[in-house]
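Note sheet for the following structure.
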Amino acid sequence: MPGPGQGTANLAAARFLEQASFGPNATAVARVQSLGQDAWLTEQFGLPETVVATPSDGSTSTVAAQMLNRLTDAPDQLRQRVAYALAQVIVISANKNIYAEEIAPHLRTLSRNAFGNYRTLLEEVARSPQMGKYLDLANSNKPLGGSSANENFARELMQLFTIGLVKLNADGTPQLDLSGHTIPTSDQSTIQQVALALTGWTYVGTGINNWENFSGPMVLREVNHDQRAKSFLGCSLAASQGTDADLKATLDCLFQHPNTPPFVSLRLIRQLVKSNPSPAYVQRVATLFTNNGSGVRGDLKAVVRAILLDTVVRAGVRVL
């Protein structure tokens, strides 16, 4: 029989694993109790990444089966849990990305960057042909005649991946105007400017606008890029600086926006711990997103540690 307090310790370890992995078992509970929660996280951060393979049969069903196997059996459980959380934020869909080569590389990107930097993740996603197909950035060209740049990726990059729909306080609560209404982060002109900044990308190939090719990151075609100056969200992009520079400047602008730390932190908290965290909890995590203590913004390892080891969460107090 467990000794005094052992049952409580078991429950605490199990509860921690429900948030940091895909569920406790006796071995995992014993490991957490042996190392302590902080050291267990450090051990998990250092484990080799379980490979996300592209199955030879080309089936998204096989990708899903392999993913389920990783979630249940992979030793790097923390990575699996964080990558899955990121997949709920930075989304593609098998309804449109219908082959394994269109899904598995996206999962690899999330897995590889789960403990990396959010800015790096954003750029890898922006250049990926999988996202290029899903949100139509691939072959989105500068306007000619009555055409316009495709706005799908520009819109979701802002509204889902970085700054959200309304201006936020540092604790994730909405900012309000004098009438008590929320304040939009952007308008249609913002979306149009970002869409122009992201023109000029296509699939790997020899042409100007290439057919679907998922063998590597998208490639730029300056002839298809809108070279005019752009201005949005307080950021200015100089004219004629080119496709690659405009992409990086756009991502830098969104990454440095004050909304991004609380917006992303809130979504990761919801995926890992609690659907309705307190503003104070969100702000503590967002503070680490803004600066990990060493001057680095977007350090996901620091963010994950902050989410899982927050004193309110680990004390077992209900997070309101």
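Over the residues of the range 37-159, compute the C-alpha Rg and express it relative to 2.2 N^0.38 Å.
Its radius of gyration relative to the 2.2 N^0.38 Å reference: 1.20.
Taking the Cα centre of the chain as the origin, how large is its charge dipole in debye, to the nearest 20, when only Lys and Arg (+1) and Asp and Glu (-1) carry charge on their Cβ atoms?
That gives a dipole near 620 debye.
Which whole-angstrom value gives the distance between the alpha carbon centres of the range 26-71 and the range 174-192?
Cα centroid of the range 26-71 versus Cα centroid of the range 174-192: 40 Å apart.
Between L68 and L165, how many nm apart are label points set 7 Å from Cα along the C-beta direction?
Reported label-point gap for L68 and L165 is 3.3 nm.
Per Stokes-Einstein, at 4 °C and 1.567 mPa s, what whole-number D in µm² s⁻¹ belongs to the range 120-179, with the Kirkwood radius over Cα pairs as the hydrodynamic radius?
This corresponds to a translational diffusion coefficient of 95 µm²/s.
Which whole-number percentage describes the relative contact order of the range 132-191, with Cα contacts under 8 Å and a sequence gap of 6 or more?
About 23 percent, as a whole number.
Per residue, how large is the accessible surface of the chain? Use a 1.4 angstrom probe and give square angstrom.
45
Just the number, please: Stokes-Einstein D of the chain in µm²/s, Kirkwood Rh from C-alpha pairs, 37 °C, 0.692 mPa s.
The diffusion coefficient I find is 156 µm²/s.
Percent of accessible area on the chain owned by carbon and sulfur, 1.4 Å probe?
55
Determine, for the chain, the count of lysine pairs separated by eight or more sequence positions (or lying on different chains) whose alpha-carbon distance falls under 27 Å.
15
Using a 10 Å cut-off on Cβ atoms, rank the peptides 263-273, 165-175 from the highest mean neighbour count down.
Descending packing order for the listed peptides: 263-273, 165-175.
Which one of T311, P258, G295 has its Cα pushed farthest toward the positive end of the charge dipole of the range 247-320, where Lys and Arg give +1 and Asp and Glu give -1 at the Cβ?
T311
Test of understanding: in a Gaussian network model of the chain with alpha carbons linked when under 10 Å, which of A65, A249, A20 would top the mean-square fluctuation ranking?
Answer for the Gaussian network model of the chain: A65.
The values are calculated or read from the model by the stated rules, or taken from the named source; none is laboratory data. Note that the structure is predicted; figures quoted are calculated from it, not measured. A quick note on method: Cβ atoms are made from the backbone with ideal geometry, for glycine too, and the neighbour counts reach across all protein chains shown. Side chains included, ligands, DNA and RNA excluded: accessible areas come from the protein's heavy atoms. Shrake-Rupley method; radii C 1.70, N 1.55, O 1.52, S 1.80 Å.
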